[in-house]
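Just so you know, all these numbers are worked out from the coordinates, no wet-lab data involved. What you see is a predicted model; the values in this text were computed from it and never measured. Cβ: placed from backbone, ideal geometry, glycine included. Neighbour counts: every protein chain shown.
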Amino acid sequence: MPNILPIITYPDRRLKLRSKNVTEFDKKLHTFLDDMFETMIQTNGIGLAAIQVNKPLNILIICLPNDDEEGTQEHANTLEIINPTITHSEGTIVYQEGCLSVPKFYEDVERFETINITYQDRDGKACTLEAHELLSIAIQHEIDHLLGKLFIDKLSYGRRKKFEKEYKRMQKEKKAAKE
Ligand code: Y12
Ligand code: CO
């Protein structure tokens, strides 16, 4: 049975760490990928980077919801992307992003509309992918995590200040509700 892993949330400094490449493509890695998937699904996420569950390795997973009414997320449709590199980028697109490490906050972020990446799969096989729109956005968001960056780091000075104020207020409310 897969484990649900605790998710690190902002402003935890571990989210600023630069992740390292994976070198061992073994059973331990497969178990970790399965735990990441379960964690992402249980928390209503569509993307997760290993650093968000306190593992500073170049691993990200993405599972976009199906087009059906329920927006089902299938393990079989999950992209497991290890040691990615963006080899080409093109165009721009703006999307309102959210992040499991920055709960309850969504903001418009500009990204490349299309990217090409090279990466390895869970068995270490070399792969390439061309991604557009939502998939491209999700991959760029997760690759930023591997570099120690969050989507809020891309906000303008004014929007970032507003975020910090709102986030602090939300954290205070959460603390008061627990007491
Ligand atoms: C487009 C933009 C960003 C991404 C990165 C992946 N982001 C997520 O998976 C965000 C998930 C998320 C889920 C939430 O729901 C719950 O926690 C129940 C959420 O709501 C709250 O925090 C209350 C916020 C974000 C991919 C594609
Ligand atoms: Co995120």
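Restricting the calculation to Cα atoms, segment 25-65 shows an Rg/Rh of 0.95 when the hydrodynamic-style radius is the Kirkwood one.
Each Lys or Arg adds one and each Asp or Glu subtracts one; over the other residues with Cβ under 12 Å from the Cβ of residue 104, this totals -1.
On a per residue basis, the convex hull of the C-alpha atoms belonging to the chain measures out at 137 Å³.
Listed peptides 58-71, 16-29, 136-149 appear in the order 136-149, 58-71, 16-29 once ranked by packing, highest mean of other Cβ atoms within 10 Å at the front.
Taking 0.36 nm per residue of sequence separation and removing the Cα-Cα distance, the residue 156/residue 104 pair yields an extension gain of 16.8 nm. Taking 0.36 nm per residue of separation and subtracting the Cα-Cα distance, full extension of the segment from residue 16 to residue 176 would add 54.8 nm. Sequence-ordered 3J(HN,Hα) estimates for segment 90-107 from the Karplus curve with 6.51, -1.76 and 1.60 and θ = phi - 60° stand at 7, x, 9, 8, 10, 9, 7, 9, x, 8, 5, 8, 10, x, 6, 9, 9, 8 Hz, glycine and proline given as x.
Is the shape of segment 44-87 rounded, prolate or oblate, going by the alpha carbon gyration tensor and its root eigenvalues a ≥ b ≥ c, with a/c under 1.5 for rounded and a/b larger than b/c for prolate? It comes out prolate by the Cα gyration axes.
Before anything else, pin down the relative contact order of the chain: Cα pairs under 8 Å, at least 6 apart, normalised by residue count, whole percent.
Worked out over the chain, it gives 21 percent.
Once a ≥ b ≥ c are taken as the square roots of the eigenvalues of the Cα gyration tensor of segment 54-129, is the result rounded (a/c under 1.5), prolate (a/b larger than b/c) or oblate (a/b not larger than b/c)? Rounded, because the longest to shortest axis ratio a/c is under 1.5. Within straight-line reach of residue 125, meaning a Cα separation under 17 Å, sit the following aspartates and glutamates at least 8 residues removed in sequence or on another chain: 24, 26, 80.
Diffusion coefficient (Stokes-Einstein, Kirkwood radius over C-alpha pairs, 10 °C, 1.306 mPa s) for segment 92-179: 106 µm²/s, rounded to a whole number. Separation of the alpha carbons by more than 28 angstrom is noted, of 149/175; 104/178; 20/175; 55/174, for 20/175.
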